[in-house]
Amino acid sequence: MGPWRWRATPAGRLAGLLSAGVVLAACAQPTAQHLTPKAAATAQPRCQATPGHRGDNSPGMGPIAAGRVALGPGMALTPSPNLVASTRGEPLEISGVVYDQRCRPLAGSRIELWQANANGTYGPPQGTGEIRCCYLQGAVETDAGGRYVVDTIKPGSYMGPPTVPGHIHFWVSHPGEQSLSIELNFGNNPSVPADAGPVVPLRASGSGLQATFDIVL
């Protein structure tokens, strides 16, 4: 859980976090015995829609990068040595594909992201009504195969009480599809609530950590 969820106004939209359980994309053919021969021949594969909060407006995380984005300080933050230091942490690469519910990759999907830094802080001044987002934020557009890559750092848990596990916010949209707001959590963390989602495992790599997260609109 986190401090924000979009509502009718920009300030209100950052008042709470998403709590919907989310299931990763999984494409599967319909079961053949439940279809007539003709239907079995023409049935389209279906991907399970990723649950989340649908219909929110874009949070406006700045310019959009093509295919790959490195999250960094928002434009509202004043450049300084302390600001640069606040973006340092354990490197994390997240990659995946955005699909529609027929399992077709969605080229040109927009993904906006924001998260806390390694200390569990979003931006100055944390804990007040004047928080300025974010130490780590950005936007990326999927390529011709619906793929995206995000370079960031592992987010820290919020300082409690209660302590909230580190997570990353996704806002995903594509023309003709409803937008989807998601809170991505990470495995191997006993403090992640049972109803949190999605939860993806982290893999060690030579340069830090990696995770795979596919999304179905």
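Quickly run through segment 100-121 and pick out the residues that are over 26 Å from residue 164 (Cβ atoms) and crowded, with 24+ Cβ neighbours inside 10 Å.
Once the filter is applied, which keeps residues that are over 26 Å from residue 164 (Cβ atoms) and crowded, with 24+ Cβ neighbours inside 10 Å, segment 100-121 yields only 109.
Only one of 81, 37 is within 30 Å of residue 130 (Cα to Cα) and modelled with pLDDT under 95; which?
81
So, in segment 59-84, of the ones that are closer than 22 Å to residue 210 by Cα and not β-branched (Val, Ile, Thr), which residue ends up surrounded by the most Cβ atoms within 10 Å (Cβ to Cβ)?
Result: 71.
So which of 95, 86, 58, 109 is among the hydroxyl-bearing types (Ser, Thr, Tyr) and over 19 Å from the mean Cα position of the chain (by Cα)?
86
Go through segment 68-106 and count every residue that is farther than 30 Å from residue 176 by Cα and touching a residue at least 60 places away in the same chain (Cβ under 8 Å).
Going through segment 68-106 one residue at a time, the tally reaches 7.
Does segment 45-56 contain at least one residue that is more than 23 Å from residue 142 (Cβ to Cβ), in contact (Cβ under 8 Å) with a residue 24 or more places away in the chain and surrounded by 15 or more Cβ atoms within 10 Å (Cβ to Cβ)?
The answer is no; no qualifying residue exists.
Inside segment 150-200, can you point out the residues that are polar (S, T, N, Q) and on the phi > 0 side of the Ramachandran plot?
The one that is polar (S, T, N, Q) and on the phi > 0 side of the Ramachandran plot: 188.
Which of (1) touching a Gly at 6+ places or on another chain (Cβ under 6 Å); (2) surrounded by 14 or more Cβ atoms within 10 Å (Cβ to Cβ); (3) closer than 21 Å to residue 91 by Cα; (4) at pLDDT 90 or above is the odd one out, the single condition residue 143 does not satisfy?
Only one criterion in (1) touching a Gly at 6+ places or on another chain (Cβ under 6 Å); (2) surrounded by 14 or more Cβ atoms within 10 Å (Cβ to Cβ); (3) closer than 21 Å to residue 91 by Cα; (4) at pLDDT 90 or above is unmet by residue 143, namely (3).
How many residues does segment 103-132 hold that are farther than 20 Å from residue 62 by Cβ and modelled with pLDDT of 95 or more?
Adding up the residues that qualify gives 6.
Table: residues versus (1) farther than 21 Å from residue 60 by Cβ; (2) among the polar types (S, T, N, Q).
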site: 180; (1), (2): no, no
site: 188; (1), (2): yes, yes
site: 193; (1), (2): yes, no
site: 202; (1), (2): yes, no
site: 205; (1), (2): yes, yes
site: 212; (1), (2): yes, yes
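Quick one: is residue 96 within 24 Å of residue 212 (Cβ to Cβ), modelled with pLDDT of 95 or more, in a loop (DSSP other than H, G, I, E, B) and touching a strand residue (DSSP E or B) at 6+ places or on another chain (Cβ under 9 Å)?
no
Can you pull out every residue in segment 193-208 that is buried (at least 18 other Cβ atoms within 10 Å of the Cβ), over 19 Å from residue 99 (Cβ atoms) and in contact with a Pro (Cβ under 9 Å, 6 or more places away or on another chain)?
196
The values are calculated or read from the model by the stated rules, or taken from the named source; none is laboratory data. Predicted model only: the values in this text are computed from it and were never measured. FYI the Cβ positions are ideal-geometry reconstructions off the backbone, even for glycines, and counts take in every protein chain you see.
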